[in-house]
Amino acid sequence: MSLPDSNTIWPPKPFDDLIASIAEQQVWWEGIPEGLANYYGQGQARRKSAGFDLGGIGVKVFWGKKDTQQHVTSRLHLPIPADICATSANLLFADGPKFLIPDLTTTPEATDENPEPEPVVDPVKRAAQDRVDRILNTPNMHAAFLVAAETCAALGGVWPRIVWDGELTKNAFIDFVDPDRAIPEFKWGRLQAVTFWSELPSTDKAVWRHLERYEAGKIWHGLYKGTDDHLGRVMALDDHAATAKIKLGSFGFIATGSDSIAAGYIPNQLPNPAWRLVPALRHLGRSDISDDLLGLFDQIDEAYSSLMRDLRLGRARAFVSENFTKVGKAGQGASVDNDRELYQILANAPGKDGTSSGFFEVKQFEIRVEEHLQIIDALTREVLRRVGYSPLTFGLSEGNSAATATEITAKTTASNSTRTAKHRLWGNTLTRLSRTLLEIDAAQFKTGVKVDEDLQIQWPPVRESAYNRSLTAKALREAKAASTETIVALVNPDWDAEAVQTETERILNEDRMTFADPFGMPPDQNPNDTSDPSESGGSEIEVGDDKE
């Protein structure tokens, strides 16, 4: 199958439901109160899943309310969804992974002449590793992973694809596409083809779309001029500036130079119960802003807005009679001094004898801070439990401010487990795609690099706090289970070998000066010297004589 025909409905079913779902997750990820109020207040249609209409379940309670002329609701948003997505990305790619060619070195068999042979570097694999370091093991690629990971957490997945541009760089690289701009085709759960699409700038009311279909060894390109919901007519690539430079082969596609598909899919979490009974969507990932959490997010915002409402209503207010006010010029009415913070004027109240008298009263309403914070805290913990993160990861205490390192590790187990699971999903795609990347890079830039198997990914270990590392170092030191150099490297994981060696020597020199033997002889005293100290100018001390 190649590109779609003219006048095809776009996006095709059931991907219109997927795109509607992602649009809702986008609103929560962005976290603008006006956007949430408009989305739910206008009753925007949502998709259906497994025959059930999911339109605004549990969310219309707060964000779906409409303001009236008599009352305008002040709604605030607590950006917990965005915090979850950002934290997910940081846990995965705060420290970049390292891509490695397997078996870079080999050790020859021992012989009589060489009983302990040194490892030998394979020159072909060395060249491949150099190319990997140039393309993948770079700050630029690590930053791209970090950005893509946040999108993946928010929208349920992300699409890495291999691209190249000789005018930009002299190597192929990985680009990421958002999940609402991809139409995939799976077979037995494995990606068979995917069509990426984008809307191009237009000078008229027509909608121009550029479609790129990735298949094994091929990339098709198509340009369409249509409407909001139809692709319209197929146009020549030269008809738009954005596609004019694309050069297709004689068969109408671009040959990548690899037998594998030059794209992949990385789900955030699997499975996704919302699409379980939709064959075309069932292999797509589950967002950290999933349907079952929207009601909780809505209630958190309601509690947070209620707290701030209490704060507004709890301001001290003074009620004064008219004789406390000043009458201004004609047409200006009565006024009070703002510095006195008097907010409302009452008519003179009658006294006990029936005559008019001045009136002054101050009101201070209660602000229910603790009650609101407890509700927000409980709902937030329920959200974090569902997405698989430890409250401690988000700065929520566990009731013991003096926890030991072991207790802290136990309380962050959920976050570490989720991190490991997501690394597995990312690695499942990247190990294969990185090999395809080297193959395409070799074909397009004539590097001569050859790879025989998928690459390996070395994920960085979980970063321990300085406190945890210091406790571990203390235990190793007391047990004499590690050298000083190993302990220094453990406590300072960001140091290079030279800095570790310098600090090790400094510590050892200080130990020699500090821990001298208190029962030994002075450093300049010869233990075999039996001469009288007084003969060499030493002072003689007489014990028992009371001399001044």
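The number of residues in segment 18-38 that are in contact with a strand residue (DSSP E or B) (Cβ under 9 Å, 6 or more places away or on another chain) and surrounded by fewer than 20 Cβ atoms within 10 Å (Cβ to Cβ) comes to 0. When restricted to residues that are over 30 Å from ALA86 (Cβ atoms) and part of a loop (DSSP other than H, G, I, E, B), segment 101-146 contains 18. Kindly evaluate LEU270 against the criterion of being among the aliphatic types (A, V, I, L, M) and either over 33 Å from the mean Cα position of the chain (by Cα) or assigned to a strand (DSSP E or B) (or both). It is false that LEU270 is among the aliphatic types (A, V, I, L, M) and either over 33 Å from the mean Cα position of the chain (by Cα) or assigned to a strand (DSSP E or B) (or both). Being in a helix (DSSP H, G or I), modelled with pLDDT under 85, outside the structural domain of LEU384 (by TED's automatic domain parsing) and within 23 Å of TYR389 (Cβ to Cβ) is a condition met by at least one residue of segment 469-485.
Does ALA149 meet the test of being free of Cβ contacts under 8 Å to residues at least 40 places away in the same chain, under 13 Å from the mean Cα position of the chain (by Cα), farther than 30 Å from ASP310 by Cβ and in a helix (DSSP H, G or I)?
no
Table: residues versus (1) under 27 Å from GLY189 (Cβ atoms); (2) among the aliphatic types (A, V, I, L, M); (3) modelled with pLDDT under 95.
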| site | (1), (2), (3) |
| --- | --- |
| HIS221 | no, no, no |
| PHE251 | no, no, yes |
| ALA263 | yes, yes, no |
| GLN269 | yes, no, no |
| ARG286 | yes, no, no |
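Examine segment 223-245 for a residue that is surrounded by 13 or more Cβ atoms within 10 Å (Cβ to Cβ) and among the aromatic types (Phe, Trp, Tyr), and state whether such a residue exists. Checking segment 223-245: at least one residue is surrounded by 13 or more Cβ atoms within 10 Å (Cβ to Cβ) and among the aromatic types (Phe, Trp, Tyr).
Would it be correct to say that GLY157 is closer than 30 Å to ALA442 by Cβ, small (Gly, Ala, Ser) and modelled with pLDDT of 95 or more? Against the criterion (closer than 30 Å to ALA442 by Cβ, small (Gly, Ala, Ser) and modelled with pLDDT of 95 or more), GLY157 qualifies. A single entry from GLU548, GLU510 fulfils the requirement of being at pLDDT below 85, assigned to a helix (DSSP H, G or I) and among the acidic types (Asp, Glu): GLU510. Has segment 88-107 got any residue that is surrounded by fewer than 19 Cβ atoms within 10 Å (Cβ to Cβ), among the hydroxyl-bearing types (Ser, Thr, Tyr) and touching a Gly at 6+ places or on another chain (Cβ under 9 Å)? Scanning segment 88-107, I find no residue that is surrounded by fewer than 19 Cβ atoms within 10 Å (Cβ to Cβ), among the hydroxyl-bearing types (Ser, Thr, Tyr) and touching a Gly at 6+ places or on another chain (Cβ under 9 Å), so the answer is no.
Among the strands (runs of 3 or more DSSP E) lying completely within segment 161-252, list those that include at least 1 residues that are within 30 Å of PHE99 (Cβ to Cβ) and either out of contact with any Lys or Arg (no Cβ under 9 Å at 6 or more places or on another chain) or outside the structural domain of ALA263 (by TED's automatic domain parsing) (or both).
On the way: elements: 173-177, 182-187, 190-200, 207-215, 218-226, 233-235.
Counting at least 1 such residues, we get 173-177, 182-187, 190-200, 207-215, 218-226.
The values are calculated or read from the model by the stated rules, or taken from the named source; none is laboratory data. Keep in mind it's a predicted model, so treat the numbers as computed, not measured. As a convention, Cβ positions derive from the backbone with ideal geometry for all residues, glycine included, and neighbour counts pool all protein chains shown.
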